[in-house]
Each structure stands twice: as structure tokens, then as C-alpha cells.
Amino acid sequence: DGGITQSPKYLFRKEGQNVTLSCEQNLNHDAMYWYRQDPGQGLRLIYYSQIVNDFQKGDIAEGYSVSREKKESFPLTVTSAQKNPTAFYLCASSMGQDGVSPLHFGNGTRLTVT
Amino acid sequence: ELKVEQNPLFLSMQEGKNYTIYCNYSTTSDRLYWYRQDPGKSLESLFVLLSNGAVKQEGRLMASLDTKARLSTLHITAAVHDLSATYFCAVDPLYNFNKFYFGSGTKLNVKP
């Protein structure tokens, strides 16, 4: 079955530590995304990538970094510069290019930083 | 700045009643998506609306798109408890395809 796998499901870190969230897809989608969701809120775009080796900042990129070395993978690093990193992180993919498709989401990673 | 506004943000309704959720957006687009999120879970795609006047229906939910008014609606008919969830609309702007902007969500609670 095709889909998006995010790991881990829950992640706990101490303040000042960088942490990397994994996102892998086997849908052969070109575009991949990272969103952040805070309790009771909508989704805010952190970074997105339309093609391998290229990515763009979303609305809240400060304190985050990404890489897109393979089509299937789009890891997100939450750095110590992110002032309030505790949140629910959702990875998504879509066909990209000129294709019309909804976003397909992973099951999310819930990050808690204390 | 592109804005996607949903209302209401919270909706509590009795089973069997009808109601409409509204999604207004501030950019030119003919691509509008609706998603459902259950508590603690990820988002599931419900509808893809791709042109002015598009209407899609699935069970008790019907979505429509008016690109001239920059408005999409999600209509709930004869609500049942299983529809309790948070519903999000998302816009894919004409000038920047594949950059999806989400509304704040409408939390729906259907009371038995």
C-alpha cells in the first residue's frame, strides 16, 4: 500500500537539542511538505519541496531546516533556535508539477520539548 | 498576505439537523480542498473542487465552490454523531500552485 510514513510518533527532547523528524513516501509524488499544528489551531506551512534538491520556506521556517536528497524522503530538523518547538508535525505529499491532487498526510509526529 | 477564513470555528449541533460551514479565501484560485481530522489523528482528504460551480457529494456531506465569490461551502445534511471531527478547507493559489494554505478549521460536535 502506498502512503507516507512519519517516525517517530512521539518524540521527547530537552531544550537546546536539535531533533530530526523522518518522513518517507512511496507514492512517487514530486512535492513534499511539512506543516506544524498547535492545539486547536490550523496548519502552518514550514517548508515545502517541489522537486529533489530544491525546497522553499513556508510561513514559519525560522528555527527549522530540511533536505530533499531523495524523492522519497523529506526530513525536518527542529533546531535549538526554534523558540517554541512543542507541537504536532505533519508531513504531506502531492503529485506536484502541474498535477492536481490533494495532499496526502502522514500520521504525524508529536514533539514535546522540555 | 493570503487569508483563508472558516466560519464558524466551533459548531455544536443535534443529530438530524442541517448546517453549512463556510470557507472564504483572499486569492485567485480554482482549486479548493476539504479535509477531515479526528482528534489526535492526521488529516483525511474529503473533496477536491477544481472549477467554478463545482459540487461534490459524499454521503451526508456536500461541498461547493464559487470562485468568483472566493467562497466554498461544506453542507451537512441530517448530521450523525460519526461526523464529529474538525473540518479544514485549503486553497491552492493560482499564482503559486502546490503551495496549500489552510483555514483554521471548524470543530464540529454532533450531539446524539
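Values in this text are rule-based calculations from the coordinates and carry no lab data. Quick caveat: nothing in here was measured; it's all calculated off a predicted structure. Every residue, glycine as well, gets a Cβ built from its backbone with ideal geometry; the counts of neighbours run over all protein chains shown.
Worth a mention:
- Separation of alpha-carbon centers, segment B:1-58 and segment A:40-108, rounded to whole Å: 22
- Straight-distance crosslink candidates among aspartates and glutamates, where the alpha carbon sits under 20 Å from B:K111 and sequence neighbours closer than 8 are dropped: B:E15, B:D38, B:D82
- Around B:Q14: net Lys/Arg minus Asp/Glu count, Cβ-Cβ under 15 Å: +1
- Charge sum, other residues only, whose C-beta stays under 10 Å from A:R44's C-beta, Lys/Arg counted +1 and Asp/Glu -1: -1
- For chain B, excluding the exposed loop sites themselves (GluC sites (Glu not before Pro), DSSP loop, at most 15 other Cβ atoms within 10 Å), the longest remaining stretch covers B:16-112.
- With 27 Å as the limit, the listed pairs A:K83/B:K3; A:K71/B:K3; B:K3/B:K41 have A:K71/B:K3 beyond it between alpha carbons.
- In this structure, B:Y95 and A:N84 have a Cβ-Cβ separation that, at R0 = 30 Å, corresponds to a calculated FRET efficiency of about 0.45.
- Label point distance in nm, B:A69-A:N18, each placed 7 Å from Cα along Cα→Cβ: 5.0
- Under a Gaussian network description of chain B, with springs only between Cα atoms under 10 Å, the residue in B:K17, B:K41, B:K99 that fluctuates furthest is B:K41.
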